[in-house]
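The values are calculated or read from the model by the stated rules, or taken from the named source; none is laboratory data. From a predicted model like this one, the values you see are computed outputs, not experimental measurements. Cβ atoms come from the backbone with ideal geometry, glycine included; neighbour counts cover every protein chain shown. For the accessible areas, the whole protein counts, side chains as well, though only heavy atoms, and no ligand, DNA or RNA atoms are used. Shrake-Rupley method; radii C 1.70, N 1.55, O 1.52, S 1.80 Å.
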Amino acid sequence: MTRDKVTVRTLRRMKERGEKITMLTAYDVSTARAVDDAGLDVVLVGDSLGMVVLGYPTTLPVTMDEMAHHARAVARGISRALLVVDLPFMSYQVSREDALRNAGRLLKEDGAEAVKLEGGREVAGTVEALVAAGIPVMGHLGLTPQAFHQMGGYRVQARSAEEADRLLKDAAALERAGIFALVLEGIPAEVARRVSQALSVPTIGIGAGPFCDGQVLVTHDMLGLQTDLSPKFVKRYMHARQLFVEAMRQFRDEVRSGAFPGPEHSYDLDPPTPQGAP
Ligand code: KIV
């Protein structure tokens, strides 16, 4: 792993060399520092922020102000990884002007180095306009959480031959429009393999099997901090929520028993000045 700054060009080279790309989400500076220290290639301020941190039932209520606020915090914690920030629901669908203004704001004011948006051929024109303005765009196809109501819930997509074909056409249109990478979420591994082979830009999978050029997970899921939902594709690398609760209970018990704070956690008065000292 190189310690050089990761750029959109690095990701393209990684695909060419067959090196897997790694991406995790972050929403605050401490997590951003940890993800960067761990040597991940891309940090995503996902609009999963809404569900994981802000307690919304879906990603739909997330606003530009919320994304910008968390993007700034994450940007302060990163030195190597590429920082990608999600464009939230309705910040790019209404008009290209909206998309340019909102994506431009994330790059100009909030430390984003690229934006991610959901959708296929219907957003290809918007992607082209953003790329023409110098804004790198990551696409997102398959299970697109902003289309929660349209999909009728979080369901695996592109299972039929017809849907798979549509997704391949969407991916090709996004590549032509200028995306530098494509997230594939919640689709059969075989469909992800076909898309990954067809595109020259890297694919980054989540619930899309092993054949993508890289993988992404929501950090709170892989750490076991968020345990309300347990989709099949999440691997828990630790059980952080359990560890947090155990540590918090220990603190509670030690305060109640008087074991905390001990002398090692307490401050002394200034030592008395020796007599006759100036
Ligand atoms: O919002 C998010 O965290 C995402 C990832 C799941 C790819 O879009």
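Key figures for this structure:
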{"quantity": "Qualifying positions in the range 205-218 - open to solvent by less than 20 Å² (accessible area, probe 1.4 Å) and touching an Asp or Glu at 6+ places or on another chain (Cβ under 7 Å)", "calculated": "Ile206, Ala208"}
{"quantity": "Residue in the range 56-65 that is crowded, with 24+ Cβ neighbours inside 10 Å, touching a Gly at 6+ places or on another chain (Cβ under 6 Å) and farther than 27 Å from Lys169 by Cα present", "calculated": "yes"}
{"quantity": "Unique match (being closer than 19 Å to Val137 by Cα and not acidic (Asp, Glu)) among Val62, Val29, Val94, Val53", "calculated": "Val94"}
{"quantity": "Within the range 21-54, tally of residues that are within 16 Å of the ligand (Cβ to nearest atom) and open to solvent by 60 Å² or more (accessible area, probe 1.4 Å)", "calculated": "2"}
{"quantity": "Pairs where the first residue, in the range 60-72, is among the charged types (D, E, K, R) and the second is assigned to a loop (DSSP other than H, G, I, E, B), C-beta under 7 Å, 6+ apart", "calculated": "Glu66/Leu54; Arg72/Asp110; Arg72/Gly111"}
{"quantity": "Lone qualifier among Thr273, Thr227 - being closer than 20 Å to Tyr154 by Cβ and β-branched (Val, Ile, Thr)", "calculated": "Thr227"}
{"quantity": "Boolean, Leu49 is within 15 Å of the chain's Cα centre (by Cα) and free of Cβ contacts under 8 Å to residues at least 40 places away in the same chain", "calculated": "yes"}
{"quantity": "Lone unmet requirement of (1) assigned to a helix (DSSP H, G or I); (2) surrounded by 15 or more Cβ atoms within 10 Å (Cβ to Cβ) for Gly125", "calculated": "(2)"}
{"quantity": "Ala208 being aliphatic (A, V, I, L, M) and in a helix (DSSP H, G or I)", "calculated": "no"}
{"quantity": "The range 137-155, residues that are small (Gly, Ala, Ser) and part of a loop (DSSP other than H, G, I, E, B)", "calculated": "Gly152, Gly153"}
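The rows are residues; the columns are (1) charged (D, E, K, R); (2) closer than 19 Å to Ala171 by Cα.
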position	(1), (2)
Arg72	yes, no
Ile78	no, no
Asn102	no, no
Leu141	no, yes
Tyr154	no, no
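Matching residues to (1) farther than 28 Å from Arg155 by Cα; (2) without any contact (Cβ under 8 Å) to a residue 60 or more places away in the chain; (3) surrounded by 10 or more Cβ atoms within 10 Å (Cβ to Cβ); (4) among the β-branched types (Val, Ile, Thr):
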| site | (1), (2), (3), (4) |
| --- | --- |
| His220 | no, no, yes, no |
| Leu223 | no, yes, yes, no |
| Phe233 | no, yes, yes, no |
| Phe244 | yes, yes, yes, no |
| Phe251 | yes, yes, yes, no |
| Val255 | yes, yes, yes, yes |
| Pro263 | yes, yes, no, no |
